[in-house]
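The values are calculated or read from the model by the stated rules, or taken from the named source; none is laboratory data. None of these values were measured; they are calculated from a predicted model. A quick note on method: Cβ atoms are made from the backbone with ideal geometry, for glycine too, and the neighbour counts reach across all protein chains shown. Areas reflect the complete protein model, heavy atoms only, side chains present, ligands, DNA and RNA absent. Shrake-Rupley method; radii C 1.70, N 1.55, O 1.52, S 1.80 Å.
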Amino acid sequence: PPEAPALRLAQASRMSAHANPAGADMAGRLAHAFEQLGLQADAAATAKLLDYLAQMQRWNRTYNLPAIRDPQQMLVQHLFDSLAAVGPFSAALGAPGTPAKVYDVGSGGGLPGVVLAIMRPEWSVTCVDAVEKKTAFVRQMSGVLALPNLQARHARIETLEPAGCNIVTSRAFASLGDFAMLAGRHVGNDGTLIAMKGKVPDEEIQALHARGEWQVDHIQPLQVPELQAERCLIWMRRSQGTL
């Protein structure tokens with residue numbers, strides 16, 4: 001049956017947690033993070049997130065995916081940080097279960113794209129990166145985690161045909177101006193360009209507005225569980241009079 005792979009993954013995760021206290025601790029912290037962020041996730045989604053984290057650790061022994069390698073730091077600075085965007089993105093896209101097309105630009109090992117695909121199976125999520133080994137990892141995750149809604153494109157974002165996305169996002173890709181210039185063409189008429197940032201980048205905002213094509217619609221502070229650092233979402237829309 002279709003649910004069998006997810007069920008097996010959830011069972012395997014629970015078995016691993018019983019055998020591995022560190023795994024049990026991570027599962028508990030993840031559950032608490034869901035509560036803090038107002039998110040709901042079933043056992044299968046929880047297992048997929050933890051398995052994704054484990055897969056990143058394995059691949060990092062051979063390939064340089066994320067720069068952070070400590071599992072405890074990866075849980076917070078990668079998983080929790082990406083999960084913090086799920087609620088705001090969901091609210092912007094309307095009623096629960098609404099289909100959407102999302103591009104994650106400069107995705108690296110799939111952050112936040114893989115997390116979005118796990119948490120929102122009704123969204124079609126494409127991770128775009130110019131480094132082939134990173135998109136190969138995302139493709140592997142699509143299969144290993146049974147995520148038919150997750151794709152990967154090995155390309156520079158500016159070379160792809162316009163995608164008409166509801167959301168185009170990036171987590172550590174470029175300045176706001178460069179992000180808008182290179183990836184803005186993939187935002188649909190009613191879509192949004194969203195940059196995940198640390199502190200509010202005032203100079204980048206000024207440079208973006210000076211270009212005139214895109215403008216900041218609003219800035220949304222994020223509180224990432226267990227992270228004592230500033231995080232925010234920069235929501236951008238086309239300036240009036242631009243296509």
Failed condition for E158, given (1) under 13 Å from the mean Cα position of the chain (by Cα); (2) of a type outside the set (A, V, I, L, M, F, W, C); (3) modelled with pLDDT of 95 or more = (1)
request  = Return the only residue of I194, I167, I219 being in contact with a strand residue (DSSP E or B) (Cβ under 6 Å, 6 or more places away or on another chain), surrounded by fewer than 20 Cβ atoms within 10 Å (Cβ to Cβ) and among the aliphatic types (A, V, I, L, M).
outcome  = I219
task = Would you check if there is a residue in the range 14-23 being open to solvent by less than 60 Å² (accessible area, probe 1.4 Å), at pLDDT 50 or above and part of a helix (DSSP H, G or I)?
result = yes
task = Could you tell me which of the residues R153, R185, R211 is among the charged types (D, E, K, R) and under 16 Å from C127 (Cβ atoms)?
result = R153
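Tell me, which residue of the range 197-207 that is more than 18 Å from F89 (Cα to Cα) and of a type outside the set (V, I, T) is surrounded by the most Cβ atoms within 10 Å (Cβ to Cβ)?
Just the residues of the range 197-207 that are more than 18 Å from F89 (Cα to Cα), to begin with: 199-207.
After this cut, where a residue has to be of a type outside the set (V, I, T) as well, the list is 199, 201-204, 206-207.
On the way: K199: 9, P201: 17, D202: 8, E203: 9, E204: 19, Q206: 11, A207: 14.
Across the range 197-207, the extreme among qualifying residues is E204.
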request  = Keeping to the range 139-151, report how many residues are surrounded by 14 or more Cβ atoms within 10 Å (Cβ to Cβ) and either assigned to a loop (DSSP other than H, G, I, E, B) or in contact with a Gly (Cβ under 8 Å, 6 or more places away or on another chain) (or both).
outcome  = 6
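Report the residue count in the range 170-185 for those that are part of a loop (DSSP other than H, G, I, E, B) and surrounded by 24 or more Cβ atoms within 10 Å (Cβ to Cβ).
Just the residues of the range 170-185 that are part of a loop (DSSP other than H, G, I, E, B), to begin with: 171-175.
Checking which are surrounded by 24 or more Cβ atoms within 10 Å (Cβ to Cβ) leaves us with none.
So the answer is 0.
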ask   = What are the pairs, 6+ residues apart or on separate chains, where a residue within the range 28-40 that is more than 19 Å from P121 (Cα to Cα) and in contact (Cβ under 8 Å) with a residue 60 or more places away in the chain has its Cβ under 6 Å from a residue that is in a helix (DSSP H, G or I) and open to solvent by less than 40 Å² (accessible area, probe 1.4 Å)?
value = A33/F80
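Take the residues in the range 152-164 that are assigned to a loop (DSSP other than H, G, I, E, B) and open to solvent by 60 Å² or more (accessible area, probe 1.4 Å); name whichever of them is nearest to R237 (Cα to Cα). So that I can check it myself, show each step before the final result.
If we filter the range 152-164 for residues that are assigned to a loop (DSSP other than H, G, I, E, B), which is where we start, we get 155-156, 160-164.
Within this subset, residues satisfying the condition of being open to solvent by 60 Å² or more (accessible area, probe 1.4 Å) are 156, 161-162.
Values: R156: 22, E161: 20, P162: 16 Å.
Selected residue: P162.
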message = I need the full set of residues from the range 86-138 which are under 19 Å from Q36 (Cα atoms), out of contact with any Ser or Thr (no Cβ under 7 Å at 6 or more places or on another chain) and either open to solvent by less than 40 Å² (accessible area, probe 1.4 Å) or among the hydroxyl-bearing types (S, T, Y) (or both), in order please.
response = V86, G87, P88, F89, S90, L116, I118, M119
note = Contact list, first residue from the range 154-165 and without any contact (Cβ under 8 Å) to a residue 40 or more places away in the chain and of a type in the set (S, T, Y), second anywhere and open to solvent by 20 Å² or more (accessible area, probe 1.4 Å) and not in a loop (DSSP other than H, G, I, E, B), beta-carbon distance below 6 Å, six or more apart or interchain, is none
query = If you scan the range 186-243, which residues turn out to be of a type in the set (V, I, T), assigned to a loop (DSSP other than H, G, I, E, B) and touching a residue at least 40 places away in the same chain (Cβ under 8 Å)?
reply = V224
Condition met for M181 (out of contact with any Phe, Trp or Tyr (no Cβ under 6 Å at 6 or more places or on another chain), of a type outside the set (G, A, S), at pLDDT 95 or above and more than 27 Å from G97 (Cβ to Cβ)) = yes
